Amino acid sequence: MDPYVGQEILGQFRIIEKLGQGGMGSVYKAEQPSMDRLVAVKILHPRLAARPDLVTRFKREARAMSRLTHPNTVRVFLYGELEMGGALYIVMEFLDGPDLMRVLRKEGPVEVSRAARVMSLVCGALEEAHNQAIVHRDLKPENIVLTTQGGIPDFPKVLDFGLAKIRDLPQHRVGGPILTQQGMVFGTPEFMSPEQAQGLELDRRTDIYSLGVIFYEMISGKLPFKVQNPMDFVAHHIKTPPIPIHERVPERNFGPLVWPVIAKSLEKNPDRRYQTASEFAAALAPLIDGSGTHPVVSFSVAPPSSVSAVETSPRHPAVRPAPGAAVPATRGPAAPATAAAAAP
């Protein structure tokens, strides 16, 4: 029996059931009677609380997410340390819906217009995060949950900023050690940008690349490279041109504008990609009505100051050193998708 199920924590949350477990902890469904709502509670494994690096990472995740207020970002209500056992926790909104990977497995590739609308909303969430010096670094279908909000279906929520990199802008000085340093590669191989795969310095444009891969998979059911081993994606992201989507799935007609939009997001050189999430959203806008006949709209947004597998197999987060880099601790396999935020 899980020690938390059935217990009341923090004097206001009653744990109903365990929803999932990951390499760092577990996620639970809980009720908050005083607010008449359900919440999701992430709790770090108590045995890991003595690891300063993991504790720091967990606190950084909570701090990063608590600063975000965009409607397409999962909301964080509370975080801290439990009196019972000293475990760290994050209390978040409960998400009732499947993640994108589950949608693709159940329904197969989705229509371009539907995928473009979902991705444009995700871009809005990322624009806010990027403007607060937060880079997600591990975007993938499993980290985007589709909910119904205010009667609006397919309302995406971006979650799991556990690998987020917080850049210290002058107005956002964040103390403590740097969690991920140049030369280390953290993320999921299928969705890594070339610069992430090489352990280089990252900025918002690494997330643009990952979104491009997600959009490609959403509408084709495939990834932009043919591989036999998930780790082979790392080398392909660095040096292999992505397979044009009309060649990857020749039986489908994507229209004349889809591949140019995707191709720009998947440029190896970050300077040749969309420079902001808003710019990517503007390029996606003509695809939302399904016509594919409008010109692609793009605009330049000045960056904030100082911001300088096998195709059908489940994805597993990877921690891989760049050539010559020290080998970091290996992360465990991804937690099963749940109706709430993924386990840390």
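The values are calculated or read from the model by the stated rules, or taken from the named source; none is laboratory data. A quick note: this is a predicted structure, and the numbers were derived from the prediction, not measured. Cβ: placed from backbone, ideal geometry, glycine included. Neighbour counts: every protein chain shown.
Yes or no: the range 25-42 includes at least one residue that is among the aliphatic types (A, V, I, L, M), surrounded by fewer than 18 Cβ atoms within 10 Å (Cβ to Cβ) and farther than 21 Å from Val158 by Cβ. Yes; the residues of the range 25-42 include at least one that is among the aliphatic types (A, V, I, L, M), surrounded by fewer than 18 Cβ atoms within 10 Å (Cβ to Cβ) and farther than 21 Å from Val158 by Cβ.
A residue that is within 19 Å of Ser113 (Cβ to Cβ), assigned by TED's automatic domain parsing to the domain that holds His136 and in contact with a His (Cβ under 9 Å, 6 or more places away or on another chain) occurs somewhere in the range 236-252. Can you spot a residue in the range 288-303 that is under 22 Å from Arg204 (Cα atoms) and modelled with pLDDT of 95 or more? Scanning the range 288-303 turns up no residue that is under 22 Å from Arg204 (Cα atoms) and modelled with pLDDT of 95 or more. For Asn229, the conditions (1) under 15 Å from Leu126 (Cβ atoms); (2) modelled with pLDDT under 95 all hold with the exception of (1).
Residues that are closer than 18 Å to Ser265 by Cα and hydrophobic (A, V, I, L, M, F, W, C) within the range 110-140 comprise Val112, Ala115, Ala116, Val118, Met119, Leu121, Val122, Cys123, Ala125, Leu126, Val135, Leu139, listed in sequence order. Remark: pairs (first residue in the range 42-68, in the same structural domain as Gln21 (by TED's automatic domain parsing); second residue assigned to a helix (DSSP H, G or I) and at pLDDT 80 or above; Cβ separation under 8 Å; 6+ apart in sequence or on different chains) = Ala64/Ala129; Leu68/Ala125; Leu68/Glu128; Leu68/Ala129. Being more than 23 Å from Gln7 (Cβ to Cβ), modelled with pLDDT of 90 or more, of a type outside the set (Val, Ile, Thr) and not assigned by TED's automatic domain parsing to the domain that holds Glu195: is that true of Pro71 here? Spelling it out, Pro71 is indeed more than 23 Å from Gln7 (Cβ to Cβ), modelled with pLDDT of 90 or more, of a type outside the set (Val, Ile, Thr) and not assigned by TED's automatic domain parsing to the domain that holds Glu195.
Exactly one residue among Leu211, Leu202, Leu257 is farther than 29 Å from Leu159 by Cβ and assigned by TED's automatic domain parsing to the domain that holds Asn143, and that residue is Leu257.
So that you can scan it fast, the table gives a plain yes or no per residue for (1) in contact with a Phe, Trp or Tyr (Cβ under 7 Å, 6 or more places away or on another chain); (2) of a type in the set (Asp, Glu); (3) under 19 Å from Asp138 (Cβ atoms):
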| position | (1), (2), (3) |
| --- | --- |
| Val5 | no, no, no |
| Ile16 | no, no, no |
| Pro33 | no, no, no |
| Arg37 | no, no, no |
| Leu44 | yes, no, yes |
| Ala50 | no, no, no |
| Asp53 | no, yes, yes |
| Lys59 | no, no, yes |
| Ala64 | yes, no, yes |
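Only residues that are loosely packed, with under 15 Cβ neighbours inside 10 Å and part of a helix (DSSP H, G or I) were counted in the range 224-272, giving 6. Check the range 65-77 and report whether any residue there is in contact with a strand residue (DSSP E or B) (Cβ under 9 Å, 6 or more places away or on another chain), aliphatic (A, V, I, L, M), more than 24 Å from Val122 (Cα to Cα) and surrounded by fewer than 22 Cβ atoms within 10 Å (Cβ to Cβ). Looking through the range 65-77, none of the residues is in contact with a strand residue (DSSP E or B) (Cβ under 9 Å, 6 or more places away or on another chain), aliphatic (A, V, I, L, M), more than 24 Å from Val122 (Cα to Cα) and surrounded by fewer than 22 Cβ atoms within 10 Å (Cβ to Cβ).
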